1. Could you please find all residues in region 104-136 being surrounded by 10 or more Cβ atoms within 10 Å (Cβ to Cβ) and among the basic types (Lys, Arg)?
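The values are calculated or read from the model by the stated rules, or taken from the named source; none is laboratory data. Nothing here was measured: the structure is a model prediction, and the numbers come from that model. Positions of Cβ are backbone-derived with ideal geometry, glycine not excepted, and every protein chain shown enters the neighbour counts.
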Amino acid sequence: MTEAQHPNPSSKEGSALDGELNIRLVAWLTVGLLVILALAAVAMWLLGFGIRDRLVAGDPPPPALLEARLEHRPPAPNLQVDPRQQLLDLRADEERILTTYGWVDEGRGLTRVPIERAIDMLVEEGLPNKVPVPEITEAASTGI
């Protein structure tokens, strides 16, 4: 029997792989794929502009400069003439109440102390004792 001779892959004469791999075809397919991807990217970019233009066209027109500068107030009666300043005044008054000494009711002898001092006093003296709550008896609960 004769032995089949296989070509040496290292030889220059040619190999069995030469017919299986077409380099030109792979190169053209790669270039074609890149061109398709580039066209798809450009199409998406243009589509984005079209959608944006359609959305902008549906928006109402911006106000004129004079109208934008005018102060819009609700109809009378106005409960707050200057809300921002009134809020600042309220917070300043609250801060003054929380940080200074003063009378709550001078006739009854009630005073207020700053919060920091009140915390210190509470730490020094502790919480006041609880007043015991009287127990309810059966006679009291029935109203007899």
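1. Result: Arg112, Arg117.
Each row is one residue, and each column tells you yes or no for (1) surrounded by 10 or more Cβ atoms within 10 Å (Cβ to Cβ); (2) under 30 Å from Ile119 (Cα atoms); (3) of a type outside the set (Ser, Thr, Tyr); (4) modelled with pLDDT under 90.
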| position | (1), (2), (3), (4) |
| --- | --- |
| His6 | no, no, yes, yes |
| Ser11 | no, no, no, yes |
| Leu39 | yes, no, yes, no |
| Gly58 | no, no, yes, yes |
| Pro62 | no, no, yes, yes |
| Leu90 | yes, yes, yes, no |
| Arg96 | yes, yes, yes, no |
| Gly102 | yes, yes, yes, no |
